[in-house]
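S.K.: Below: one structure in structure tokens.
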Amino acid sequence: MSSSSSCEAQNLLIEPFYGGSHKQLIDLIQKEIPECHLVTMTAKKWHWRSRVSALYLAQNIPFCTKYKVLFCSSVLNLAELVALRPDLASLKKIIYFHENQLVYPVREKKDRDIQHGYNQILSCLVADMVVFNSQYNMDSFLSSIGKFLHVIPDYRPKNIADQIKPKCQVIYFPLSDQVSLVTQRLSANQTLDSEISSSSSQTIDTETSLSNQIESSGRLSSNQTVDTETSLSSQIESSGRLSSNQTVDTETSLSNQIESSERLSSNQTSDLETSLSNQIESSERLSSNQTEDSETTFTYGCEDCESKSSHKQSYYQNQSNQNSSSQSNKHIRLSCEQMQVVQEDCRQENTSVLHSDQKTRPLHIVWAHRWEHDKGPELFFEVVIRLHREGCQFYLSVLGEQFTDYLEVFENSRATLQDHILHWGYLPSKAKFLKVLESADVAVSTALHEFFGVSMLEAVNCGCYPLCPNRLVYPEIYPKQYLYNTSNQLFKTLRRFCRHPEVPRQHAVQIDVSKFSWEKRRSDFKTLFGF
């Protein structure tokens, strides 16, 4: 596809793999840089995009004498494109490396396809500027060129890295504005959390409190009105710590009850029960009313919640029933009890109901990566299945996009872990994806091939405790306390968190994510285009 007004544009943006982080970056640039013309291909079969996209693009990029800058990702063989379209040779050519193929992990040496790495080397030689998304990406690429070209049987080129290095620089991948909004919201909530946790009187569970009132309402008579009013007034004072929109809703609802309670008599007990029951139902919808995004992460099912006792069903019994439903409907159905767990764990403004369950809610683990070999799913599921067999209680969300390769480890593991799963599969909506990250406690990476790790930083932005391998790009970004050296270390850490889920929930991650925001990186990208 291509954007309109191509002959009025000065900046030509090309993305042969228009999906995921590649799409996110190119969309941000198009939004911020004026006079851009965008030409893309769908995010499918990246091996083929790397090999042959130049020919298709050469035929479909409009001829325009006003182009001054060409920006593309390293999926494109820029050398081939320029050879096929000599009119583009005079442009300022910028290539951005989301990843490099020189150090791509292969199971067997014979499996390495030299063409992909070779294309990237040629593209760097043709480009005027070569930009990497991390220092590790740049260093690993430049240091591997000599060894990579050594596979050529004879007539090996020399000093290629020396020719490319002066063109290179690092500009961290920018997280989207949508993620920044999540950070601002979480920052405000963390402030409220710390205030609430400082006092034991602030651990009120709203639904439990209201449920107790329902149970006691059968004993209410006209001489108990004062006690009821006092109890409800206490909740109003507690609700003052909620976000502004929650405070209005809660105070209004409780005030209505106070007015109603003044008219209570022995024959009005059932009216109070109905009023309080309606408030519980209203509180269960609070989370969806608080978000600006009309999309919600979870579809909640409460078919079995006609009475308070149904809220007390065990986690595994409820989850087992819901998983069979989710397989057919392709979304999560939770009991009312689990719905409250997820709502509370989403760290939204309703922080007054959060802390009473900090130690009892099962840990929520998220793995959010492409479903491919280089992201190490085998290691992840090995560890998580081990947790399952040791009887650890935890929730599990396995997100990420699956392209062409089918890995049996996903379906095999899903059958074993079915009772733990909250969400399984790709979420095309960014808002829904971030909602799941907000609901999680720990984000895990088991990558064998990573040069930045967008989803892990997005998870940190959403309040997750990160656990990453002590290799690749991770030591560049994450302090040692978030890195593991072996699968056994990962297992032991997750097991400890399963036993003490309040530990990651109360931890403030020691990473300055703001330096990866688009707000901080905007000027770097504008400079590339001469602004």
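The values are calculated or read from the model by the stated rules, or taken from the named source; none is laboratory data. Predicted model, so just to flag it, every value in this text is computed and none were measured. Note that each Cβ is placed from the backbone with ideal geometry, even for glycine, and that neighbours are counted across all protein chains shown. These accessible areas exclude ligands, DNA and RNA; they are computed on the full protein's heavy atoms, side chains included. Shrake-Rupley method; radii C 1.70, N 1.55, O 1.52, S 1.80 Å.
S.K.: Return only the number of the condition from (1) over 16 Å from LEU12 (Cβ atoms); (2) assigned to a helix (DSSP H, G or I); (3) at pLDDT 95 or above that TYR155 does not satisfy.
M.R.: Unmet condition: (2).
S.K.: Also: Are there any pairs, at least 6 apart or on different chains, whose C-beta atoms fall under 9 Å, with the first in the stretch 390-404 and under 16 Å from ALA43 (Cβ atoms) and the second assigned to a loop (DSSP other than H, G, I, E, B) and of a type in the set (Lys, Arg), and if so, which?
M.R.: Close Cβ pairs (under 9 Å, with a partner that is assigned to a loop (DSSP other than H, G, I, E, B) and of a type in the set (Lys, Arg)) amount to GLY400/ARG370; GLU401/ARG370; GLN402/ARG370; PHE403/LYS44; PHE403/LYS45; PHE403/ARG370; THR404/LYS44; THR404/LYS45.
S.K.: Separate question: What are the residues in the stretch 378-434 that are at pLDDT 95 or above, open to solvent by 60 Å² or more (accessible area, probe 1.4 Å) and in a loop (DSSP other than H, G, I, E, B), if any?
M.R.: Correct list: GLU390, GLN393.
S.K.: Here's a follow-up. Please identify the pairs in which a residue from the stretch 132-144 that is over 12 Å from GLU450 (Cα atoms) has its Cβ atom under 6 Å from the Cβ atom of a residue that is open to solvent by less than 20 Å² (accessible area, probe 1.4 Å) and assigned to a helix (DSSP H, G or I), counting only partners at least 6 apart or on another chain.
M.R.: What qualifies is PHE141/LEU102; SER144/LEU102.
S.K.: Give the residues of the stretch 461-488 that are closer than 17 Å to VAL383 by Cβ and in a helix (DSSP H, G or I), sorted by residue number.
M.R.: Hits for the stretch 461-488 are TYR474, TYR482, SER487, ASN488.
S.K.: Taking only the stretch 7-23 into account, find how many residues are part of a helix (DSSP H, G or I), closer than 22 Å to ARG49 by Cβ and open to solvent by 20 Å² or more (accessible area, probe 1.4 Å).
M.R.: Final tally of qualifying residues: 3.
S.K.: How many residues does the stretch 479-521 contain that are in contact with a Cys (Cβ under 7 Å, 6 or more places away or on another chain) and aliphatic (A, V, I, L, M)?
M.R.: Residues that pass the stated criteria total 1.
S.K.: Looking at CYS468, CYS464, CYS498, which one is under 20 Å from the mean Cα position of the chain (by Cα) and over 24 Å from TYR104 (Cα atoms)?
M.R.: CYS464
S.K.: Can you name every residue in the stretch 24-50 that is over 13 Å from CYS72 (Cα atoms), touching a strand residue (DSSP E or B) at 6+ places or on another chain (Cβ under 9 Å), outside any loop (DSSP other than H, G, I, E, B) and hydrophobic (A, V, I, L, M, F, W, C)?
M.R.: Selection gives TRP46 alone.
S.K.: If only one of LEU142, LEU122 is open to solvent by 30 Å² or more (accessible area, probe 1.4 Å) and either within 25 Å of GLN169 (Cβ to Cβ) or small (Gly, Ala, Ser) (or both), which one is it?
M.R.: Just a single option satisfies the conditions, and that option is LEU122.
S.K.: Across the stretch 367-377, which residue is farthest from the chain's Cα centre (by Cα) among those that are closer than 19 Å to VAL436 by Cα and in a loop (DSSP other than H, G, I, E, B)?
M.R.: Out of the qualifying residues, it is TRP371.
S.K.: For the list (1) under 32 Å from the mean Cα position of the chain (by Cα); (2) free of Cβ contacts under 8 Å to residues at least 60 places away in the same chain; (3) part of a helix (DSSP H, G or I), I need the number of the one condition that LEU70 fails.
M.R.: Only one criterion is unmet by LEU70, namely (3).
S.K.: For PHE63, state whether it is closer than 26 Å to ASP524 by Cβ and aromatic (Phe, Trp, Tyr).
M.R.: no
S.K.: Which condition breaks for TYR104 when tested against (1) at pLDDT 95 or above; (2) closer than 19 Å to LEU472 by Cα?
M.R.: Result: TYR104 passes all but (1).
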